[in-house]
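A quick write-up on the structure given underneath.
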Amino acid sequence: RGKRAFIAGIADDNGYGWAIAKSLAAAGAEILVGTWVPALNIFESSLRRGKFDESRVLPDGSLMEITKVYPMDAIFDGPEDVPEDIKTNKRYAGSSNWTVKELVESVKQDFGSIDILVHSLANGPEVAKPLLETSRFGYLAAISASSYSFISLLQNFVPIMNPGGATISLTYIAAERTIPGYGGGMSSAKAALESDTRVLAFEAGRKHNIRVNTISAGPLRSRAAKAIGFIDMMIEYSETNAPLLKELSAEEVGNAAAFLASPLASAITGTVLYVDNGLNAMAVST
Ligand code: NAI
């Protein structure tokens with residue numbers, strides 16, 4: 001049997017999640033997707049209407065198939081956590097079972113188990129504010145959506161993950177070195193995600209033989225990155241200063257994720273893997 005992957009955090013064909021799904025599909029995996037509830041309708045209708053068909057093409061010419069799209073909101077663990085205004089919000093009321101526990105229960109009922117879990121989501125409501133001006137609310141919201149969401153997904157998926165399985169999240173160099181503009185506690189959230197990668201690698205490794213790694217990706221013009229506002233500058237900086245002077249494609253991150261999820265990486269866990277044209281190795285601009 002081929003492997004089954006659940007990729008959390010796809011809402012269009014521009015982000016890392018989509019590229020990872022494609023690389024996993026090209027390697028023979030079955031693809032399940034988790035899409036943020038407010039983005040679900042447009043994602044599903046665009047898929048149906050063929051808007052993504054061009055970017056669904058795999059190296060062998062076939063189209064990536066997404067077996068099922070699940071609505072999700074990774075800041076809520078169970079229905080008891082959902083506040084009234086969200087429950088009654090039009091965009092949420094049309095979907096059901098989108099808290100993490102309910103989502104995993106649905107996947108279990110539909111498919112029984114998964115082999116690969118990908119976390120490709122982040123959110124920081126105050127990302128445009130310097131850390132020095134970030135509110136407690138904004139900081140905790142960034143950590144909740146961008147870091148704890150991975151713990152929650154892993155916690156709930158582990159019982160239905162086959163031993164030997166692999167998990168991957170996406171991080172950013174701002175966790176380790178200051179990137180002005182990556183504010184609102186997003187740098188803190190990525191630092192937490194990287195540290196959690198090491199601790200969860202130990203815990204999930206010992207208990208369930210599951211590997212936990214994170215990819216520190218270079219800049220990509222995704223929807224989330226455009227919302228931050230400095231992505232063109234970061235791309236240009238990378239293309240001027242990285243050891244490899246080429247555009248970084250989402251596919252290159254997808255391929256690294258497919259490697260990390262495969263038996264080729266069977267001894268790799270607890271690591272931060274840079275997929276950034278080598279920019280992390282530089283200390284000066286050139
Ligand atoms: P993206 O916009 O394609 O993906 C982010 C996804 O998170 C979106 O689909 C959004 O709907 C989803 N999301 C937000 N809040 C959510 C919630 N509460 N529950 C469920 N889903 C939620 O953008 P991108 O950039 O591909 O982001 C994927 C990952 O890559 C993120 O972790 C990001 O921090 C990371 N990354 C991105 C870089 C870039 O330059 N684009 C660089 C390094 C890391």
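Please treat every number below as a calculation from the coordinates, not as lab data. Nothing here was measured: the structure is a model prediction, and the numbers come from that model. Because the Cβ atoms are built from the backbone with ideal geometry, glycine has one as well, and the counts that use them run over all protein chains shown.
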Given R₀ = 25 Å, FRET efficiency for LEU58-SER266 by Cβ-Cβ distance, to 0.05? 0.55
For the chain, what does the helix formula give at 222 nm: sum of -39500 (n - 2.57) over DSSP H segments with n ≥ 4, over the residue count, nearest 500 deg cm²/dmol? -11500 deg cm²/dmol
Restricting to the chain, compute how many DSSP beta bridges are antiparallel as a %, nearest 5. 5 percent
Total charge dipole magnitude, the chain, about the Cα centre, Cβ charges on Lys, Arg, Asp, Glu only, Debye to nearest 20: 320 debye
Per residue, the convex hull enclosing the Cα atoms of the chain spans a volume in Å³ of 135 Å³
Pick out, from ASN209, ILE179, PRO125, the residue whose Cα sits farthest towards the positive end of the charge dipole of region 113-256, with +1 on the Cβ of Lys and Arg and -1 on the Cβ of Asp and Glu. ASN209
Can you list residues whose amide H is under 5 Å from ILE210's amide H, if they're 5+ apart or on another chain and H is modeled 1.01 Å from N? GLY164, GLY205
Taking Cα atoms of region 1-40, Rg/Rh with Kirkwood Rh, to two decimals? 0.99
Once label points are set 7 Å from the Cα along Cα→Cβ at both ARG198 and GLU44, what is their separation, rounded to one decimal in nm? 4.2 nm
Directionally averaged projected area (convex hull, Cα atoms, region 1-75), nm²: 4.9 nm²
Using Cβ contacts closer than 10 Å as the measure, can you line up VAL100, VAL82 from fewest to most? VAL82, VAL100
I'd like to know which of LEU24, VAL104, SER149 lies farthest towards the positive end of the charge dipole of the chain, counting +1 on Cβ of Lys and Arg and -1 on Cβ of Asp and Glu. VAL104
Give the residue list of GluC sites (Glu not before Pro) in region 1-104 that are DSSP loop and have at most 15 other beta-carbon atoms within 10 angstrom. GLU65
